[in-house]
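Below is one structure; the comments refer to it alone.
The values are calculated or read from the model by the stated rules, or taken from the named source; none is laboratory data. Not measured: the values here are computed from a predicted model. Every residue, glycine as well, gets a Cβ built from its backbone with ideal geometry; the counts of neighbours run over all protein chains shown.
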Amino acid sequence: MKAAIISLGSVSSQMVVEAMKSYFDQVDMIQLREIEVDLGKDSGVYYQGKKFPDYDCVYVKGSFRYANLLCSISSMLEGKVAYLPLPSSAFTVVHNKLLTHLALEQHNIPMPRTYVSPNVDTAKALLKKVSYPIVMKFPEGTQGKGVMFADSESSASSMLDALGALNQPFIVQEYVESGGTDVRALVVGDNVVAAMRRRSKAGEKRANIHAGGTGEPVTLNRETFNLAVKTSKALGADVCGVDILEGPLGPVVIEANISPGLQGLSQVSTIDIPKEIAKHFARKTKEFLAHKKMLGGKEVMKELDIDSLDNNPQELITTLKFKGNCVVIPEVMSKLAKLNEFDNYLIKVKKGRIEIEEFKI
């Protein structure tokens, strides 16, 4: 199997590439900045000016600043690559906090009460109704950047004036008191492979490691575990970092990240996180390849004329599957020959050749 990671070359990406080498025959690191997507007559994905090679698994990841390019790459590769951990839709949704919250709402995933206003005047009217403190943030951004806190209507109003001058949309969210901590859960497939509780530094409300927070390993209870997995599924991501606040009314999701950093979590966890990601990629790639092969067999069945087999034997070039000392005949051929386990057969063998015919008394 051949695999590639398209990324900006982060340490986390390099960690996953090294782990994948134990499960794939070939693993390539592709620099995102050297990728281009062409539309029209010669449409396709190009790397360093050449047509993008064929792979069985391609893990596309990168910063929200490249969301449109990431989405375009994945969209062009869908249907051509057996397994993409992140579909094109994930980049559109998860790299935008507003769309993320809308997706969570549609899947009934608990989150802090969230408001979106079309302009500053409408937002200021909203400030009279909410409970303080509140959180205000830009739809795009990671690592806690672009997140602001206001503990009164006057301070929130001043922030809105500044945001209005930037001419950017913004989100207003009720603050959930969690003692300056949150939980980062890393979901891979249907499982949380590792989790940590992050604690903010003194005088800082953001618990992000990049904002100076510290992390410690944590074992999630069943409710929080299921919430993280459900969030990943709602966003269509097979690899997803989910940030959760453990509030007085239960856990709520505040953000998701489809390009999560692995260094901080790896430092506090005893789990080999890149290995878990690589194992999942290999298993899913094999599943998709097997499914693709099965569908190909069905297409062959449609094209072959079973009624003409007596006079025009059909041929199929394929590899053989061995189970112990037995040879497993491809399903398509056994169906064409109408073999069944209740009849007797005469088997003739020569080196490199096996003939099977119905034995009639």
Residue match in the stretch 157-178 (condition: buried (at least 16 other Cβ atoms within 10 Å of the Cβ), at pLDDT below 80 and in contact with a Phe, Trp or Tyr (Cβ under 7 Å, 6 or more places away or on another chain)): yes
Which numbered condition Tyr23 fails, given (1) within 14 Å of the chain's Cα centre (by Cα); (2) under 20 Å from Val187 (Cβ atoms): (1)
In the stretch 194-241, residue nearest to Pro110 (Cα to Cα) [restricted to those that are at pLDDT below 90 and of a type in the set (A, V, I, L, M)]: Ala207
Candidate set: the stretch 73-113, residues that are farther than 20 Å from Val239 by Cβ and in contact (Cβ under 8 Å) with a residue 60 or more places away in the chain; chosen: the one surrounded by the fewest Cβ atoms within 10 Å (Cβ to Cβ): Gln106
Hey, Phe52 of a type in the set (Phe, Trp, Tyr), within 20 Å of Leu8 (Cβ to Cβ) and free of Cβ contacts under 8 Å to residues at least 40 places away in the same chain or not: yes
In the stretch 99-135, the residues that are assigned to a helix (DSSP H, G or I) and outside the structural domain of Met148 (by TED's automatic domain parsing): Leu99, Thr100, His101, Leu102, Ala103, Leu104, Glu105, Gln106
Flag if Val327 is at pLDDT 65 or above and part of a helix (DSSP H, G or I): no
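Yes/no per residue for (1) of a type outside the set (A, V, I, L, M, F, W, C); (2) assigned to a helix (DSSP H, G or I); (3) under 13 Å from the mean Cα position of the chain (by Cα):
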{"residue": "Gly215", "(1), (2), (3)": "yes, no, no"}
{"residue": "Glu223", "(1), (2), (3)": "yes, yes, no"}
{"residue": "Asn226", "(1), (2), (3)": "yes, yes, no"}
{"residue": "Val229", "(1), (2), (3)": "no, yes, yes"}
{"residue": "Pro251", "(1), (2), (3)": "yes, no, no"}
{"residue": "Pro260", "(1), (2), (3)": "yes, no, yes"}
{"residue": "Gly264", "(1), (2), (3)": "yes, yes, no"}
{"residue": "Ala282", "(1), (2), (3)": "no, yes, no"}
{"residue": "Ala290", "(1), (2), (3)": "no, yes, no"}
Flag if Met76 is touching a His at 6+ places or on another chain (Cβ under 9 Å) and of a type in the set (A, V, I, L, M, F, W, C): no
Strands (runs of 3 or more DSSP E) within the stretch 1-72 that include 1 or more residues buried (at least 19 other Cβ atoms within 10 Å of the Cβ) and in contact with a Lys or Arg (Cβ under 7 Å, 6 or more places away or on another chain): 2-7, 26-31
